[in-house]
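J.: Please see the structure below; I have some questions.
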Amino acid sequence: MKNSLLYCLAATSLALSFFFERAPEASATARATSAPVVAEASLLPALTSETAPESDPSNPPATKPTAAELAASRDSLTYNYYAQTLGLHLAFNENKDLLRTVTDWIGAPYSYGSNSRRGTDCSGFVTRVFHEVYGINLIHSSRAMFSNTKRVAKAEMQTGDLVFFRRGKGPIYHVGIYLKDGKFAHSACNGGVMVSSLNQPYYHRNFYAAGRVRAAAAADEAATEAVAESAIASVQ
């Protein structure tokens, strides 16, 4: 009887020890499996919530440029290109058609009696430019051009005026188109269409007179006014 009681107590003690050893393991497992669930639950509102971005008063959103501003920017780039190519300081109100046409002709070789981009002499170059820019047909002769222009003082020359040259008291032999800053475009027999300076010794010595084609001057004034109006519109 005594031995039976001892056996019962031993069995009970073994069962209790087994229970208390397994319970912590089960609790730890439950905690481990539940931790990610809690973490996911805490992150879910942050991922699913849609909050509007806060505006920064010191950095306002960029506004789309207007058509007038884009046009002004293109004009600025165009004038800068002509200024670099022709070696001029432009006021950005000159006749762009004239500057573009002269630029297109730069480098055309010299050819006496011709007036194409494959080859041209000085008066041929002038006749082509005036026809393309102003729709004016000039006679293919520097002396005839001189006879049909209004004389202007050298200090009063404007873009688009013609400049004439002669040696001493001889006849006029060369003509070019005045651009700006004392520079003119012409077709020289030693280099074709180029831009030269009236201050170069050769041209300074042989410069004779400047002449203005009235129709071309009127077109240049109209072009200048159009550029000015466009600039005002871009500001408004």
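J.: With a probe of 1.4 Å, find how much accessible area the stretch 124-195 has per residue, and write the answer as a whole number in Å². Each step should come with its number before you reach the end.
T.: Details: 3250 Å² over 72 residues.
With the other protein chains kept in place, the stretch 124-195 gives 45 Å² per residue.
J.: Relative contact order for the stretch 99-226: what percent, with Cα pairs under 8 Å and sequence separation of 6 or more? Kindly include the intermediate steps, with their values, before the conclusion.
T.: On the way: 245 pairs, mean separation 35.4, N = 128.
In percent, rounded to a whole number, it is 28.
J.: If the limit is 25 Å between Cα atoms, which of Lys64/Lys180; Lys96/Lys169; Lys96/Lys180 go over it? Before the final figure, lay out the partial values.
T.: Values: Lys64/Lys180 36 Å; Lys96/Lys169 36 Å; Lys96/Lys180 13 Å.
Check vs 25 Å cut-off fails for Lys64/Lys180; Lys96/Lys169.
J.: How would you order 78-91, 176-189 from highest to lowest mean count of nearby Cβ atoms within 10 Å?
T.: On the way: 78-91: 15.1, 176-189: 21.2.
Listed from highest to lowest mean packing, they are 176-189, 78-91.
J.: Also, I was wondering about something else. Enumerate the amide H contacts of Thr120 below 5 Å, restricted to partners 5 or more residues apart or on another chain; note that Pro and chain-start residues carry no placed amide H.
T.: When sequence neighbours closer than 5 places are left aside, the close amide H contacts are Tyr110, Ser111.
J.: Quick check: at a probe of 1.4 Å, how many percent of the accessible area of the stretch 78-236 sits on carbon and sulfur atoms?
T.: Whole-percent figure for carbon plus sulfur exposure: 50.
J.: Another one. Using packing as a proxy for protection, rank 194-206, 212-224, 92-104 so that the peptide with the highest average count of other Cβ atoms within 10 Å comes first.
T.: Values: 194-206: 13.8, 212-224: 16.8, 92-104: 18.8.
Highest to lowest by the protection proxy: 92-104, 212-224, 194-206.
The values are calculated or read from the model by the stated rules, or taken from the named source; none is laboratory data. Predicted model only: the values in this text are computed from it and were never measured. Quick reminder, even Gly has a Cβ in these numbers, built from the backbone with ideal geometry, and neighbours come from all protein chains shown. Surface accessibility is based on the protein's heavy atoms, side chains included, excluding ligands, DNA and RNA. Shrake-Rupley method; radii C 1.70, N 1.55, O 1.52, S 1.80 Å.
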